[in-house]
Every structure is written in structure tokens, then in C-alpha cells.
Amino acid sequence: MYGDELLEKAKEIAPDTQRLLIADHSDFQMFIHAINSAEIHACMPLPFSDKDFFYQVTLRCRQYETSRKLKNLQKTTQRQNNQLSQIAENFKKKEARYKTQSDKQRKELRILKSRSSSSFGPEESDKEKELKDILLRKDIHFNPKSFGNAFSDIKHQINQVVEIILSRHGLSVPSLSWEDLLGQLNDSNEDQPIARQALPILLKLLDYKEVQNIKLYENIKLRGDLDKYFEISLSPNKIEAHIRLKSNAPKTLALFQIKRFLETNRIIFGVKPDHLIEEWLYDKNRRNKPFLIALGKEPKPPKDAKIKYHFPTNYLRAGKVNPDGSIDFRERGDIPHVGKDELLASKTTAETGTFGIDIEGTKIQVEEPVDWEFSSGPGTRISEEENKIYSTIGGQPHLDPLGTISVCTEYQIKGDIGFETGNIEFDGNVTVTGSVMQGFKVKCTSLTAKEICGAEIDVSGDLNVSMGIVDTKLVNVRGTVQAKFIHNSQIHAFGDVIVQKEIIDSEIYLSGACINERGVILNSKIFAKMGIKGGTIGNKSSQPSILTAGVDEHTNLLVEKIESKLTLIKQKIWILTDKISPLDIENQNLHAIISQNAHIQDRAQIEIKRLEKELNALKDQKDKKPYEEAVKQIEEFSQKAKKAERKIDQGFERQDEISLIISEKNQSVKELEINNKSLIKEKKNLLELSSKKEPLPEVSVSRHIQSRTRILTANAAKTLSKSSSRCRIREIHKFFKEDSGPAFYEIDIGNY
């Protein structure tokens, strides 16, 4: 037998054998056969040394031991897996059993809740009832007649309660109406015992503790006398009240008279203690000095938030103007730079004030503190206390008009922004050596480019264009815009627009100023809150321009967009709420159905148990008819219980569906409300930003302004009837008569 055959037989007899073939180099076929058939573990070609042979034998022994241990581990693992499988199966059985018990208990609990809940349902019991729910519960229709009938019923019930209470105190008023009873209280006739007896009881009924012990019918007579004796003086804010005795006041006055005088003058808060009033009252010199009889609570004014910036927020930005009118933005002065983990800004939080209370017990309201926006943008982080902002990278610090602080890195593009670069969106400063081409978008912190031609620009910082902006209908900038010229474009900016040459066929909306003192403005609409400075405005051949100064139309447009979004969100919330209401009503009806069927099921089971007890006695009787009748009744009650069970299960299933639908809609409402709050906050920030600076309703012209130019301000408007040179056009406030009479506004043209 050859070696490969021997190893093949060994494999059949003992598969775990470690098989080693020793053969000559020339026996190549034997090696192949041994590998394929005997699946040998190693080969040793002749000749070999003893060292090699013992090494191979050692390896085979180790391999055998490893294989044996692995098989033992596999057996152990298999046994443990079987045990775990058995344990898991037992757990599944227990879980199924517990789930059945839990479902049964949960079902019983839901039935109990349905029984014990009011017609509003258990989910609604803790909620504030709306008018429509109360009317629905009371079966009152929404019309005046139903309201009148309901009011009469309530009035009748109250009358009955009051009559019962009065009768318990020995009073009988069967023929006396409430109107007559109250009328006697103002009657000075002393012969009205019913009114005098009923009044303290009625006041107790009203639980008006400070008044119930006072005999009002006596106060009516004494008030005029007390005014003759005492004089009260109040501070302008009604925080202090001083009392003084008049010259005709009698020497003997009692504490209760002062108390009544204070009450008739509605001085009820901060009144001095009785012993201090008595000390003043019995002082010999009391006629010569007023006494601080009441002292209210002074309001504490709020403290506005304050933000300290640790980097220059306003530094020299204007570049160097070249002879051809273009701007070299490399000459911009010292631009600030910060390193990593540097403190950029710190905020002192706002403190709310506390309301005061005047001597009449009226709250003195205080204004809400001004809390400036303090948020962290790209390249920054805010502290856990949210009162400090640090840089996370090195770069240029930037503060946008809405209060967001960021640190900007710079992204340089050599050439144009076009098909090779695509749209650009970068959290930092973008510098373009060429133009931003038509149809492409750029969104970044600040943008410096040679020219913008029909692109879409959204910049949270400044926009600097060395040449011009042409055919660009969407330019949104939170900072300042600088350019050589603007043609056929629409620009929205929080800051100023500074133009060296001309503004032609364009619309500009600014929260800052429009500055074009050496250029030309032709056929354009300009809205600038902080005024317009122009060189030459209009000419004979062009359409007239419309210039609006002192109006923040830019912020107004943004607020209008936010308000339209808020209106849309409110409509969506109303729609979702309207969809939830019928589901709530259906859920309430299901509670009633479940409760009703649970009652039917319980009664049926009680009857079945009773009949089953009677069966044993009926079974032994000769007359089988009662027995058969009882069996038939048991069957009927069983069917009735099963039918009720099905309706209960259907009710629970539908309630679960309703609960899921309501949960989804409530989640949608919650998301809409979060979005709503975000928009309200954004609107508030815009209005606060707009209120920081007083508007400047003024147009100054350094060269010439053409007739027919339309000038508008917040309160006046004027179309120039003739051309003017070197002038200042502004809104002024006038009176029809000097320092008197109604006021009016007009446009005044004065010298430059």
C-alpha cells in the first residue's frame, strides 16, 4: 500500500488523525492524490533532517490537541445552547401567561375607568372645560333663548340656597325679592330690620371677610361727617398716603373712625399698624403735622441685558478707491483676528423687575427687561451658563446684525464662480478673484468679488464688489454692501449701501443708509431708514426715481414674511385641532359604550352563576322543564356576555386607534408650535434691531436733483415740482399755530 493510500484509509478509520505524507520530489502525483483524497495536514519531501521531522510531529500533536479542545468546546456550547433554548422557551411560556393576565387586568382597569369617568371621559377630567363642552354636557343649545332659560334655572337654584341659609338663622323672607332687599341697604330708614339682620349673613355667604363685620347701613351716614374731620393727601404714584386732622375736628376721635375713613377712600394696602395710628391720634401736636398712614410697595425696575464684545465690531471696512472708480478691498485697515479658545463676548443677563402695589391694592406693573440676542454661530461655542462665547477655531470674528457671533475662515477662488466651481455654500469669508456668474448661488459669511452678474447672493456679513452688481434680483445681506455701480438689481441689506458711481433701474431696501454722494441715481426705488445721500438724482430723459427715507421697509418686508408664515402655521394648528375634537368626542362615546357593555357582561355572569347553582337542585326533580329552561337561560346569558365582550374589545381597539391618531396630530401641533415660537423670536429680534436707531427721514443732494422725483417719509410725501441743487430734503414737524394747535408733518427743502 502506498503512502497516500495508507493516509486515505487512516482518514476513514480515524478522521481526527493528523496526517503527514513523506515522499520523494518525483512523486508529484502522490502529493496531489494525498491532498485531494486524504486531506493531509502537511508534506515532507525526501530527504529531511531529524530536526525537521520532530518539528513537524510536534506541530501535528499541538494541532490534534487544539482540535480535540475545540470539539469539546463545541459540545459544551451545543449543550449550553440547548439549555438556553429550553430556558428561553420557558420564559416565552411565562411571558405569554403573564401577558394574558396583564391584558385581562388592563382590560378590567379600562372598564373600571370607563365606568367611573364622567361624560367628559377620563382623559378629559383634568383638562379645563371649554364652554362648548359644558353646554353639551348640560344639553344647552347655543342660542339666546337657551341661555336665558339656563340663567333663570341657576338664579332659581341660588334663591333656594340663600333662602335655606337665611331660614337657618331665623329669618323668613318669602315675599321679599333680592331687588327689594338690596334696595333697603341704601335706605336711611332705621325701620328695616330684615335688611340689617340679613346683611351680615349675606356677606358671610359671599365670604367677604374684611367687610362682613362692618355695618354698612351706619357707614352711609358717617361718611359725610368723616370727610369734615380728616384730610388725605396721596403721592403722584399712590405709594404714600398722609392723613391730617382738619381744624374743626373734635378732640375725641377713635381708631375705628380712621379705619372707616380709610376704607371709604379705598386705602386698603400698607396701612400702618393700629398702635402707631393711635400714637399719632393721641399726640398733642397731631394737628400740626401730617401722618404717613399708608405706605405701598415700590416697584423694582428691571435691568436690561448687557453684552461686552472682546473684539472690535466696527472697524475700517472701506477699501481704497482707484482712479477708475473700482475699489481695492485689500486696503481695508486692520482686520481683527482671534486664536482658538479665545473669549469673544460675555453677557450680563437681564433681571426682571418686581411689580409694586399702591395703597389702593392695585398692582403697579413694570416693563419687561430688554434681552439682546446672544447666540453662537460657526467657529464658536457658548458656555454652559450661556453667558460667554469662545472661539473654536482661529480666524476673523464677526457679529451679524441679529446678534450671532461667529469666527470665519477664508475660502479663496481663483477665477469665476461658474460651472467649474458650482454653487458655493461656506461658513466663512469667500474671496473670488473673478465674477459670480448668472444662475449660480453663493451663501457665506462675507463675500468679496470682482463682479456679480445675475447670481443669487445670501451673505450674513458684508458684500464687497470691486466693480459692479448687474442684473441680480436676489441679494440678501446682513451687513454693508460696497460696489462701484448697481444696474438693474434688487438689494436687501441691514447695513448701508455704498456706491461710487451710478445706481440705475434698481430697487434697494435698507435698514441703514444709501450713500452715493459722487454718483448718479436714475429710475430707481430706494428705501433707506437712515437716509439717502446722493450726488446727482435723475435727469430729463429718465423716469423719475422714488426715494423713501426714514422708513425701515427692509425690516417691514421681513416681518410681513414672518407674519404670513405665522398665519399659515396657525391655520394648520386650527385644522389639526378641529380634527382632534371629533376624535375626543368619539372617544368619550366609546367610554360610555364600554361601560354599558361591561355592566351587561357583569349582570350576565352573575345570572349565569345563580342559574348554575340552581341546576343541581333542578336536575333531580322529575319535572325536567325548569331544568331545561334554566339551561336555555344560561345559554342566552352566555351569548349576551360574549356579545358584550366583542363590543368591549371593539371599543378598546378603536380607542387605541384614536389614541394613536391624536398622539400623531398632537406631535404635529407641538412641532408647529416650536416653529411658531422660533418665528416669533425672529420677529422680536428684527423689531428690537430696528428700534435701536432712530430713523433719519432725510435726503441730501451734493450736486443736483431733477424735478418729478418722488420723496417719501413716514408721515409726509412730496413730488418735486422743480429741480434743485446742493440741497437737503427732510421731514419736519409743524403746528398750525406757534407752539399750539394740532401738529402736522411736511417735506422741507433746505440748503445742503
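The values are calculated or read from the model by the stated rules, or taken from the named source; none is laboratory data. These numbers were taken from a predicted model, which means no experiment stands behind them. Methodologically, a virtual Cβ is constructed for each residue, glycine included, from the backbone with ideal geometry; neighbour enumeration extends over all protein chains shown. The accessibility values were calculated without ligands, DNA or RNA, using every heavy atom of the protein model including side chains. Shrake-Rupley method; radii C 1.70, N 1.55, O 1.52, S 1.80 Å.
How many percent of all Cα-Cα pairs in the range 334-424 sit more than 18 Å apart?
Working: 2549 of 4095 pairs.
For the range 334-424, the fraction of Cα-Cα distances above 18 Å is 62 percent.
What is the local net charge at residue 345, summed over the other residues whose Cβ is closer than 10 Å to its Cβ (Lys, Arg +1; Asp, Glu -1)?
Neighbourhood net charge equals +3.
Can you give me the solvent accessible area of residue 61 with a 1.4 Å probe, rounded to the nearest 10 Å²?
Its accessible surface works out to 80 Å², give or take rounding.
Going by Cα centres, the range 630-670 and the range 530-607 are how many Å apart?
36 Å
With θ set to phi - 60° and the Karplus curve 6.51 cos²θ - 1.76 cosθ + 1.60, what are the ³J(HN,Hα) couplings of the range 705-712 in order, to the nearest whole Hz, using x for Gly and Pro?
10, 7, 4, 6, 5, 9, 10, 10
At a threshold of 8 angstrom on Cα-Cα distance, excluding pairs fewer than six apart, so keeping six or more, what relative contact order does the range 441-565 reach in percent?
Details: 386 pairs, mean separation 18.3, N = 125.
Once divided by the residue count of the range 441-565, the mean separation gives 15 percent.
Would you mind working out the magnitude of the charge dipole of the range 34-80 relative to its Cα centre, with +1 at each Lys and Arg C-beta and -1 at each Asp and Glu C-beta, to the nearest 20 Debye?
In debye, rounded to 20, the range 34-80 gives about 420.
Please express the Cα-Cα pair-distance distribution P(r) of the range 1-76 as a list of whole percents, one per 5 Å bin, running from 0 to the bin with the greatest distance.
3, 15, 22, 22, 20, 10, 5, 2, 1, 0
On the full set of protein chains, 1.4 Å probe, figure out the accessible area of residue 421 and give it in Å² to the nearest 10.
Accessible area of residue 421: about 50 Å².
List the trypsin sites (Lys or Arg not before Pro) within the range 253-284 that fall in a DSSP loop (any state other than H, G, I, E or B) and whose Cβ has at most 10 other Cβ atoms within 10 Å.
Passing sites in the range 253-284 are 284.
Scattering from the C-alpha atoms of the range 447-496 alone, worked out with Debye: what is log10 I(q)/I(0) at q = 0.13, 0.16 1/Å?
-0.21, -0.33
Give me the accessible area of residue 310, 1.4 Å probe, in Å² rounded to the nearest 10.
Per-residue accessible area (residue 310): approximately 80 Å².
Within the range 364-435, which GluC sites (Glu not before Pro) sit in a loop by DSSP and count at most 15 neighbouring Cβ atoms inside 10 Å?
Passing both the DSSP loop test and the Cβ count: 367, 384, 385, 386, 420.
Give the Rg (one decimal place) followed by the Dmax (whole number) of the range 469-549, computed from C-alpha coordinates and expressed in Å.
11.0, 35
Within 10 Å, count the other beta carbons around each residue, average over each peptide in 17-25, 546-554, 700-708, and list them highest first.
So the order, starting with the most tightly packed, is 546-554, 700-708, 17-25.
Just need the relative contact order of the range 489-540 here, percent rounded to a whole number, with Cα pairs under 8 Å and 6+ apart.
Relative contact order of the range 489-540: 33 percent.
Relative to the Cα centre, what is the charge dipole magnitude of the range 391-541, using +1 at the beta carbon of each Lys and Arg, -1 at the beta carbon of each Asp and Glu, and rounding to the nearest 20 debye?
That gives the range 391-541 a dipole magnitude of about 460 debye.
Out of residues 5 or more away from residue 513 or on other chains, whose amide H comes under 5 Å of its own, with H placed 1.01 Å from N in the peptide plane?
496, 497, 530
Can you tally the net charge around residue 65? Count Lys and Arg as +1, Asp and Glu as -1, for every other residue whose Cβ sits under 15 Å from the Cβ of residue 65.
Computed value for this residue: +4.
Going down the list 107/579; 609/640; 340/684; 693/722, which pairs span over 23 Å between their C-alpha atoms?
The answer is 107/579; 340/684; 693/722.
Using just the C-alpha positions of the range 534-622 as equal point scatterers, what log10 of I(q)/I(0) does the Debye formula give at each q in 0.14, 0.16 1/Å?
-0.84, -0.91
Under a Cβ-Cβ cut-off of 15 Å, what is the net charge of the residues other than residue 35 that fall near it, where Lys and Arg count +1 and Asp and Glu count -1?
Neighbour charge sum, excluding residue 35 itself: -3.
So which chymotrypsin sites (Phe, Trp or Tyr not before Pro) in the range 417-479 end up in coil per DSSP with only 15 or fewer other C-beta atoms within 10 Å?
Of the chymotrypsin sites (Phe, Trp or Tyr not before Pro), the ones in loops of the range 417-479 whose Cβ has at most 15 other Cβ atoms within 10 Å are 419.
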